[in-house]
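Where a number appears in this text, it was derived from the coordinates with a stated rule and is not lab data. Bear in mind that the values here come from a model prediction, so they are computed numbers and not experimental data. In this analysis, Cβ positions are derived from the backbone assuming ideal geometry, glycine residues included, and neighbour counts consider all displayed protein chains.
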Amino acid sequence: GEPYTEVGALAEEMKGNSVLVRGRAQAIRAVGKKMAFVVVRERGFTVQCIVTEQEGSVSRQMVKFVASLNRESIIDVHGPLTVPSSPIKGASQQVEIQVHKLYCVGKALPTLPINLEDAARSEADIDKALQAGEQLVRVNQDTRLNFRVLDIRTPANQGIFRIQSQVGNIFRQFLLSEGFIEIHTPKLIAGSSEGGSAVFKLDYKGRPACLAQSPQLHKQMSICGDFGRVFEVGPVFRAEDSYTHRHLCEFTGLDVEMEIKKHYFEVMDIVDRLFVTMFDSLNASCKKELEAVGRQYPFEPLKYLRKTLRLTFQEGVQMLKDAGIEIDPLGDLNTEVERKLGQLVLEKYGTEFYILHRYPLAVRPFYTMPCYDDPAYSNSFDVFIRGEEIISGAQRVHVPEFLTKRAEACGIDVKTIETYIDSFRYGAPPHGGFGVGLERVIMLFCGLNNIRKTSLFPRDPLRISP
Ligand code: ATP
Ligand code: AMO
């Protein structure tokens, strides 16, 4: 049969050629009984198609059929390309298809639960339209998520998930080029991997088990198995009990673990180069996608430095203090304080991407290596975009006796992680690594206000479907 041409490839040079395209009937408009227009959309590109009785090869019944198509149906359109004398509004391609044949190959319901035109508008645009007395329905987040398959057809969402794909791609490419290998660790494990309570418990053939809260234990065990440098892209499960804009119950973890020779800075060096490469590459290769996101959710491009700023936790505490915010110097930063520090850092250093390291040991997980010079602190770090955490990382304790002591001190049932601790008894190199929340990277790079926007089918405390 005749090959299909992509809507995005239709160009003026093809004038006169007969083409076959497949796409969605995005908009349908009848003009009297003899003519109808259909805008066909395929992967963000649109083309106007005209069905007219005057063309000769089309019956009045055909015009009627086209005029009665349901929006979002999948159609095949066949006919010659023409170039109109005036520019076409409402379609990306500046050519028209004179329809000779049209088939509906996937019918949509006559009434859709989400009006895609409304769903694609920015808040500012909606406010303006409502003030002008226009009839439209503001599509709220729950409705979007309930009918996610429709929602993700909007240009902004198409952009978000193409950007997300590119983040994973760059992560892989960069690490492979740095001598890392990709691993796949089990998600069904015997005990909690982070020592927290936010764990999904399940029955494993009569034995208690849980869904991995991170690949932490097995990525470290892979280092004990001599892979030197590993990474993983995989699901992470957290039984979060709070409903926030940045926590999911299942998210995608980008995890790294590597031997270190002298200093945990070697791990931060990887973070630095990986993310500068990533941001550069996104800005260069996802221009259209970033624009599509920005049209619906306006944002400023991320400000970042060629060499990522590193501040110690103590320096951060001091900056906050100088700004009149007193916090416990050995405690954790809450969300509000993290945001404030992000602002202060932006004002002082002109960057919205930075590393905060040497955290107090007390606020880090049991496997974190204390600082050699002051055990109240640790060889650990968090990384922030626009004042919100996207990464946690650290050097790990690789001495089994000390690891046991640390786990006990953190209230962990050592029996549940025995095989992990044993891994360090056969000789373990100094090592460290970090974990990135994929959804958070996209959310914060694009200045979005909710992590659900960057999860294809989000899982949160209230939602396990669709
Ligand atoms: P990590 O597990 O590495 O800390 P995270 O980003 O999931 O990563 P949390 O531990 O959940 O971070 O929280 C970090 C900080 O955010 C905490 O110190 C806490 O003060 C604050 N925080 C966590 N959950 C909430 C919440 N529901 N509302 C407000 N603040 C929160
Ligand atoms: P942490 O618990 O900080 O560290 O998780 C790493 C990163 O994962 C993201 N993240 C989340 N994203 C969405 N929803 C959540 N509920 C959620 N919780 C965390 C954040 C966070 O920075 N094993 C360590 C990493 C390491 O040290 O290698 C860990 O899991 O972006």
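Here are some notes:
- Helix 400-409 axis, angle to the chain major axis (alpha carbon atoms, nearest 10°): 80
- Evaluated at q = 0.14, 0.21, 0.22, 0.25 Å⁻¹, the base-10 log of the normalised Debye intensity for segment 7-106, with identical point scatterers placed on the Cα atoms, takes the values -0.44, -1.04, -1.15, -1.49.
- Segment 155-454: relative contact order as a whole-number percent, Cα under 8 Å and 6+ apart: 22
- By the count of neighbouring beta-carbon atoms within 10 Å, fewest first, THR368, THR312 end up ordered THR312, THR368.
- Taking θ as phi - 60° and the Karplus parameters 6.51, -1.76 and 1.60, the scalar couplings of segment 14-26 work out to 8, 3, x, 5, 8, 10, 10, 10, 10, x, 9, 6, 7 Hz in sequence order, x denoting glycine and proline.
- Residues whose amide H falls under 5 Å from that of GLU250, counting only those 5 or more places apart or on a different chain, are ARG238, ARG459, with hydrogens built in the peptide plane.
- Cleavage-rule hits (GluC sites (Glu not before Pro)) in segment 73-165: DSSP loop, at most 16 neighbouring Cβ within 10 angstrom: GLU134
- Helix 287-296 axis, angle to the chain major axis (alpha carbon atoms, nearest 10°): 80
- Diffusion coefficient, µm² s⁻¹, Stokes-Einstein with Kirkwood Rh over alpha-carbon pairs of segment 58-126 at 37 °C and 0.692 mPa s: 225
- Relative to the current alpha-carbon distance between ILE464 and GLU408, full extension at 0.36 nm per residue lengthens the span by 16.7 nm.
- Stokes-Einstein D in µm²/s, Kirkwood radius over Cα pairs - segment 333-447 at 20 °C with 1.002 mPa s viscosity: 137
- At full extension, LYS307 and THR82 could sit 75.8 nm farther apart than now, given 0.36 nm per residue minus the alpha carbon distance.
- For q = 0.14 Å⁻¹, Debye-computed log10 I/I(0) when each Cα of segment 114-234 counts as one equal scatterer: -0.84
- Segment 359-415: chymotrypsin sites (Phe, Trp or Tyr not before Pro) falling in loop per DSSP and having at most 12 other Cβ within 10 Å: TYR372
- Cα centroid separation - segment 187-205 against segment 229-279, whole Å: 20
- 3J(HN,Hα) from dihedral phi, segment 35-50, Karplus parametrisation 6.51/-1.76/1.60, rounded to Hz, x for glycine, proline: 8, 9, 10, 10, 8, 9, 10, 9, 6, x, 9, 10, 9, 8, 10, 10
- Helix 313-322 and the long axis of the chain differ in direction by around 80°, with both axes built from C-alpha atoms.
- Reducing segment 394-466 and segment 87-109 to their Cα centroids gives an inter-centroid distance of 49 Å.
- For ILE385, ILE88, order by how many other beta-carbon atoms lie within 10 Å, fewest first: ILE88, ILE385
- The orientation-averaged projection of the convex hull spanning the C-alpha atoms of the chain amounts to 28.4 square nanometres.
- Only lysine pairs 8 or more places apart or on separate chains count here, and in segment 215-333 those with Cα atoms under 22 Å apart total 6.
- Calculated diffusion of segment 216-341, Stokes-Einstein form, Kirkwood radius summed over Cα pairs, 25 °C and 0.890 mPa s, µm²/s: 134
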